[in-house]
Amino acid sequence: MDVRGFAAYISPMTIRTRFAPSPTGYLHVGGARTALFNYLFARKHGGTFVLRVEDTDEARNTDEARQAIFDGLNWLGLSWDEGPQNGGDFGPYYQSERKAIYDTWFEKLRVADRVYEDGGAWRFRFERKPITMHDLVCGDVTIDYRDESNTPDMVVKRSDGSYVFHFVNVVDDLEMQITHVIRGEDHLMNTPKHLQLIEAFGGEAPQYAHIPLILNADGSKMSKRDAGAAVGDYPRQGFLASAVVNFIALLGWNPKTEEEIFSLEELVNRFSLENVNRAPGRFDLEKCKWVNQQHLLGLSVEDFASAAKPFIEAADLPIPENYHAIIAAVKEKVRLFSDVPAAVDFLLKDDFACDEEVITKVRGNVASKNLLGNLASAFAEVPDWSADSAKAALNETAQSAGAKPGQLMFPLRAALSGRGHGPDLGDLLNLLGKERCVERVRNFSQIL
Ligand code: GLU
């Protein structure tokens, strides 16, 4: 049977995946992607998604890092069925609380004479034979343990009594009955060691799927300091969780269609390990912003308005009565919630900044000053203010000066907003209302 197709034959109820982060920093997009793929695979097959905190390295673990993992997963909507906070039948889910379990498993190795003391530490005796792993993404990987100089017996228990990563990781995957280990490619070469241990325990090995690295857009290796690396930064930068999930999914998984925009639910339905790429994913923050914009388009005005509100308040801008109408006018023009304050400030206050380039451009058109002066007077005479009646006044003003209405469009936009592009001109006229439009057009004509 083709090994890559094997997952499909497993009874859905048996699937158990886990995300096993070490809480040593913030939640990285690479970690979030590992969590996501484990989540998607478990959900797709009606299985169980376990969160296990690999916090045996006490010197490097912090409470903040633990919290960042929970917050990041919760924000992304990747709820775990078993783990910290939720409990489960295979706990505790913190490795730091599982010492007694590890001691029991270590004892099995000792009784079987698979470990020996070496300078206070304990080494695991590898079986001297080739070990082949069938990886669901990477294919077959073989390590030949016959050459002892290349593969010395590994320490599993340190002289201080603590256990190494390989040992606790394997014990927990067996104890927690994990069926599929989906993790970063950086662990690919560890896996034959894990298979050696599993064999020594007489356990049944899970299926492995090692997912490719994430590179920066320029092909360099993504580091912790790169922009976009920390999941915790995304909410305050104005991203939607659903968009970040969508973007992260595409970093290493190929939907095999032209479509790129998916909700979490759609990802669950479409995900398969067969379509995980072999080649590294390219992290492109611009692409992430584009994906975010596509998700923003799907929000109702109400949802968009309430999510954008904290960003507007943080920019010290007031929330006016026509706030929802304002949001409706700019909603499709921004990529991030954090773009909203700059996109609407001129609608919320009168002392907004004017773009110098725009002023220069309007000044270059000699007719603008007089035309705008006339337009201000015409606006002031409009009895029943609306986008249509204002536009009619604009047409008349242009015609009586022998100009084309189009000549007034850009200067009018500049006068009302201080910038060269933005919401539809009709929306601007409606949202600002007669008084403000008259005043802005008049003031602007005077500075030209
Ligand atoms: N704690 C390991 C890590 O964060 C887990 C590796 C695994 O998923 O097996 O890299």
Note, Glu260: beta-carbon cut-off 13 Å, +1 each Lys/Arg, -1 each Asp/Glu, net -1
Long-range amide H partners of Val156 with built H, under 5 Å
Trp122, Arg123, Phe124
Where the centroid of each part is defined by its Cα atoms, how far is region 360-417 from region 206-253 in Å?
48
Report the dimensions of region 21-80 along its three principal axes from the alpha-carbon atoms, largest first, rounded to Å.
38, 21, 16
Show that you can apply the helix-only estimate: for the chain, add -39,500 (n - 2.57) for every DSSP H stretch of four or more residues, divide by all residues, and state [θ] at 222 nm to the nearest 500.
-14000 deg cm²/dmol
Which whole-number percent of Cα pairs in region 379-448 have a distance greater than 18 Å?
31
If R₀ is 22 angstrom, what is the calculated FRET efficiency for the pair Gln67 and Ala227, using the beta carbon separation as r and rounding to 0.05?
0.45
Compute the whole-percent fraction of alpha carbon pairs in the chain spaced more than 29 Å apart.
59
Loop-only trypsin sites (Lys or Arg not before Pro) in region 231-295, please: DSSP not H, G, I, E or B, and at most 15 other Cβ atoms within 10 Å.
Lys256, Arg278
Burial ordering of Tyr234, Tyr208, fewest other beta-carbon atoms within 10 Å first
Tyr208, Tyr234
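Compute the longest continuous run of the chain that contains no exposed GluC sites (Glu not before Pro); treat a site as exposed when its DSSP state is not H, G, I, E or B and it has at most 11 other Cβ atoms within 10 Å.
That gives 322-448 as the longest site-free run.
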Towards the positive end of the charge dipole of the chain, with charges on Cβ (+1 Lys, Arg; -1 Asp, Glu), say which of His180, Val156, Leu264 has the farthest Cα.
Leu264
Which of rounded, prolate or oblate describes region 1-141 when judged by the alpha-carbon gyration tensor and an a/c cut-off of 1.5?
oblate
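Every number here is computed from the coordinates shown, using simple stated rules; none is lab data. These figures come from a predicted structure and were not determined experimentally. Every residue, glycine among them, receives a Cβ derived from its backbone with ideal geometry; neighbour counts consider all protein chains shown.
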